[in-house]
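Engineer: Following this message is one structure expressed as structure tokens.
The values are calculated or read from the model by the stated rules, or taken from the named source; none is laboratory data. Since we're looking at a predicted model, the values are computed, not measured. Ideal geometry is used to build each Cβ from the backbone, glycine not excepted, and the neighbour counts take in all protein chains shown. Calculation scope for accessible area: heavy atoms of the full protein, side chains included, ligands and nucleic acids excluded. Shrake-Rupley method; radii C 1.70, N 1.55, O 1.52, S 1.80 Å.
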Amino acid sequence: MELPRRAVTYLERGITYPKFDGWCTADKSAAMIQSILGAKPDVFVEIGVFAGKSFIGAALALDINQRGIAYGIDPWSAVASAEGWPVGNANHTWWSAVDHDAIFRQCQDFIALFGLEHRAKLLRMTSALALKEFTTIDMLHIDGNHNEQQALQDVVDYLPLVKPGGHVWFDDCDWETTRTAQIKLGECCSVAHSVGTCRLFQKRA
């Protein structure tokens, strides 16, 4: 599928902007955008937004479709981001030092820059607290805290809300700590596509 010009512009000028923090690659964002353009979800939910590189691309795809809302769940909190990692572990040290308020503002700024306020809703809370906001989800992107317990809990909590035939993007499949969550996904989902270390699962009917 050839991407619309707005999506190409985002991939060439937005996601590569030097002051746009995050790890989502242009290839991953392009694959997510293509999946949204094809599936036309009404409810897209992302767990773990950070500065919004993948989330804003998703909201942009919804806007191109002229339907749907992207919900971005992230506490933007050092305590929540470091939770579950032992003190002294590299993940605990790194996440504890991040200026989460600055990252949150950066995400807001980029949403505004691309004119997506009407498609993007940020929920500054943990995924556990945000769960009550949803009854059904068409497409889910899990990229939150990667400690083993939390990664699994996000699957346990949110997968039942994904409609049969719906899609789940799961990031960092090469992390040992996400393996249990991936096994849980595999119980009722099939792998539809992979890009880098990210996999797209489709929930079986």
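Engineer: Specify which of the listed residues (Ala82, Ala112, Ala97, Ala90) is small (Gly, Ala, Ser) and touching a helix residue (DSSP H, G or I) at 6+ places or on another chain (Cβ under 6 Å).
Structural biologist: Details: Ala112 fails: touching a helix residue (DSSP H, G or I) at 6+ places or on another chain (Cβ under 6 Å); Ala97 fails: touching a helix residue (DSSP H, G or I) at 6+ places or on another chain (Cβ under 6 Å); Ala90 fails: touching a helix residue (DSSP H, G or I) at 6+ places or on another chain (Cβ under 6 Å).
Being small (Gly, Ala, Ser) and touching a helix residue (DSSP H, G or I) at 6+ places or on another chain (Cβ under 6 Å) holds for just one of Ala82, Ala112, Ala97, Ala90, which is Ala82.
Engineer: For the subset of region 181-205 comprising residues that are open to solvent by 50 Å² or more (accessible area, probe 1.4 Å) and either acidic (Asp, Glu) or in contact with a helix residue (DSSP H, G or I) (Cβ under 8 Å, 6 or more places away or on another chain) (or both), which member is farthest from Gly166 (Cα to Cα)?
Structural biologist: This residue is Gly196.
Engineer: Give all pairs with beta carbons closer than 9 Å in which a residue from region 162-185 that is at positive phi and in contact (Cβ under 8 Å) with a residue 40 or more places away in the chain meets a residue that is part of a strand (DSSP E or B) and open to solvent by 10 Å² or more (accessible area, probe 1.4 Å); count only pairs at least 6 apart in sequence or on separate chains.
Structural biologist: Filtered contacts from region 162-185: Gly165/Gln202; Gly165/Lys203.
Results for (1) free of Cβ contacts under 8 Å to residues at least 40 places away in the same chain; (2) touching a Lys or Arg at 6+ places or on another chain (Cβ under 6 Å); (3) closer than 20 Å to Cys107 by Cα, shown as yes or no for each residue.
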residue	(1), (2), (3)
Ser29	yes, no, yes
Ile36	no, no, no
Gly48	no, no, yes
Phe55	no, no, yes
Asp74	no, no, yes
Ser81	no, no, yes
Trp85	no, no, no
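Engineer: Step by step: first the residues of region 126-180, then only those that are among the charged types (D, E, K, R) and either outside any helix (DSSP H, G or I) or touching a strand residue (DSSP E or B) at 6+ places or on another chain (Cβ under 7 Å) (or both), then the one that is surrounded by the fewest Cβ atoms within 10 Å (Cβ to Cβ). Which residue is that? Spell out the reasoning first.
Structural biologist: In the first step, residues of region 126-180 are kept if they are among the charged types (D, E, K, R); the result is 132-133, 138, 143, 148, 154, 157, 163, 171-172, 174, 176, 179.
With the extra rule that they be either outside any helix (DSSP H, G or I) or touching a strand residue (DSSP E or B) at 6+ places or on another chain (Cβ under 7 Å) (or both), the set shrinks to 133, 138, 143, 154, 163, 171-172, 174.
Values: Glu133: 12, Asp138: 19, Asp143: 24, Asp154: 25, Lys163: 15, Asp171: 24, Asp172: 18, Asp174: 10.
Among residues in region 126-180 that are among the charged types (D, E, K, R) and either outside any helix (DSSP H, G or I) or touching a strand residue (DSSP E or B) at 6+ places or on another chain (Cβ under 7 Å) (or both), the one surrounded by the fewest Cβ atoms within 10 Å (Cβ to Cβ) is Asp174.
Residue-by-condition table, conditions (1) open to solvent by 70 Å² or more (accessible area, probe 1.4 Å); (2) within 21 Å of Ala192 (Cβ to Cβ); (3) modelled with pLDDT of 95 or more; (4) not in a helix (DSSP H, G or I):
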{"position": "Arg6", "(1), (2), (3), (4)": "yes, no, yes, no"}
{"position": "Tyr10", "(1), (2), (3), (4)": "no, no, yes, no"}
{"position": "Arg13", "(1), (2), (3), (4)": "yes, no, no, no"}
{"position": "Pro18", "(1), (2), (3), (4)": "yes, no, no, yes"}
{"position": "Trp23", "(1), (2), (3), (4)": "yes, no, yes, yes"}
{"position": "Lys28", "(1), (2), (3), (4)": "no, yes, yes, no"}
{"position": "Ala31", "(1), (2), (3), (4)": "no, yes, yes, no"}
{"position": "Ser35", "(1), (2), (3), (4)": "no, yes, yes, no"}
{"position": "Gly38", "(1), (2), (3), (4)": "no, yes, yes, no"}
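Engineer: Can you name the number of the only condition in (1) of a type in the set (Val, Ile, Thr); (2) under 17 Å from the mean Cα position of the chain (by Cα); (3) within 25 Å of Leu131 (Cα to Cα) that Val79 fails?
Structural biologist: Only one criterion in (1) of a type in the set (Val, Ile, Thr); (2) under 17 Å from the mean Cα position of the chain (by Cα); (3) within 25 Å of Leu131 (Cα to Cα) is unmet by Val79, namely (2).
Engineer: Using the structure shown, decide if Val49 is of a type in the set (Val, Ile, Thr), open to solvent by less than 60 Å² (accessible area, probe 1.4 Å) and part of a loop (DSSP other than H, G, I, E, B).
Structural biologist: Working: of a type in the set (Val, Ile, Thr): yes; open to solvent by less than 60 Å² (accessible area, probe 1.4 Å): yes; part of a loop (DSSP other than H, G, I, E, B): yes.
Taking the combined requirement at face value, the residue satisfies it.
Engineer: If I go through region 102-120 residue by residue, how many of them are in a loop (DSSP other than H, G, I, E, B) and closer than 17 Å to Arg13 by Cβ?
Structural biologist: Quick first cut of region 102-120, residues in a loop (DSSP other than H, G, I, E, B) only: 114-119.
Now drop any that are not closer than 17 Å to Arg13 by Cβ, which leaves 114-116.
Residues in region 102-120 being in a loop (DSSP other than H, G, I, E, B) and closer than 17 Å to Arg13 by Cβ: 3 in total.
Engineer: Among (1) touching a strand residue (DSSP E or B) at 6+ places or on another chain (Cβ under 8 Å); (2) within 27 Å of Glu148 (Cα to Cα); (3) touching a residue at least 60 places away in the same chain (Cβ under 8 Å); (4) crowded, with 20+ Cβ neighbours inside 10 Å, where does Ala70 come up short?
Structural biologist: For Ala70, the exception is condition (3).
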